[in-house]
């Protein structure tokens, strides 16, 4: 029940991304990343990545997992935050 309330609140806050299909796709991305790399991105992050051209839930989840599990982040230049197509990946490890 709590999950449905959270998804509903996120759907209202996404502005341009309020269709059921987009909300379902965001939920799929979050589930895929949780299973694949124990990371759940925020709905805002996933929606921002969709605006860069990635629309497949699987491709988006793969890109997010690649970004959050890449070892060079610790040694690389810049702010050392994971990014997908220039979008800062925010979320939590689970």
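The numbers here are math on the coordinates, done by the rules we state, and not lab data. Just so we're clear, the structure is a prediction, and the values are computed from it rather than from any experiment. Methodologically, a virtual Cβ is constructed for each residue, glycine included, from the backbone with ideal geometry; neighbour enumeration extends over all protein chains shown.
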Evaluate E = 1/(1 + (r/R0)^6) for residue 36 and residue 80, where r is the Cβ-Cβ distance and R0 equals 22 Å; express this FRET efficiency to the nearest 0.05. 0.50
Using a 7 Å offset from the Cα along the Cα-to-Cβ direction at both residue 69 and residue 28, what is the distance between the two label points in nm, to one decimal? 2.0 nm
